[in-house]
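Inspection log for the structure reproduced underneath, given as structure tokens.
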Amino acid sequence: MTRATRALSSAALILALTMAATACTPTLRDSVSAEHASEQMQALVRDTMQAAGGSWTSLSDGPPPDPCTTPAGHDGVTFSWDQTADGVTDPGAAVERVEQVWRDQGLAANTQTARRGDGRILHRVGSTGKDVDSILFGVTTSGMTIEVQSLCGLGDVDDFYRT
């Protein structure tokens, strides 16, 4: 066997062993526990509310759990925790503050502006896939909303139902 052939064989063996060793282990997103997924989602919602300002009301009694399947096919738990608040006089500034907080935390932010049927301008900023599966902040002069879905964290949904 030539030196080049041995090097290629060794590289192929290392690659095969690496692939075999990682095939049964959770992916990075699968390594998030359900507790951690809920905690990081709640922290992001609180940071968003603080950046936007106003007095917020939760649309549920805490983040309710729902079953999900992780990207690698494991049983998991996801949480949602939607919020509402009165509108603000400068919706564009509120979106800019929220967008800056998210960018400071390493989240990509997608900002949109649209005219609603009632003539009001809806300002929105959304993000997906880092600390949460998705989050959307929307604001007009008449109201603000946060709609969020946590990552699917490893766990059993039955462990999170309140009794």
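According to a simple spin-label model (label point 7 Å from Cα along Cα-to-Cβ), what is the distance in nm between Ile121 and Asp104?
Each label point lies 7 Å from its Cα, and together they span 2.5 nm.
What accessible surface, in Å², does a 1.4 Å probe find on Ser80, ignoring ligands, DNA and RNA and rounding to the nearest 10?
We get 30 Å² for Ser80.
Within the P(r) computed for region 77-163, what percentage of the Cα pairs occupies the region above 20 Å?
Value for region 77-163 (Cα pairs over 20 Å): 42 percent.
Can you tell me how region 53-110 classifies by the Cα gyration tensor, rounded, prolate or oblate, using a/c under 1.5 as the rounded cut?
oblate
The values are calculated or read from the model by the stated rules, or taken from the named source; none is laboratory data. Everything numeric in this text was worked out from a predicted model, so none of it was measured. A quick note on method: Cβ atoms are made from the backbone with ideal geometry, for glycine too, and the neighbour counts reach across all protein chains shown. When the accessible area is computed, the model is the full protein with side chains, heavy atoms only, and any ligands, DNA or RNA have been set aside. Shrake-Rupley method; radii C 1.70, N 1.55, O 1.52, S 1.80 Å.
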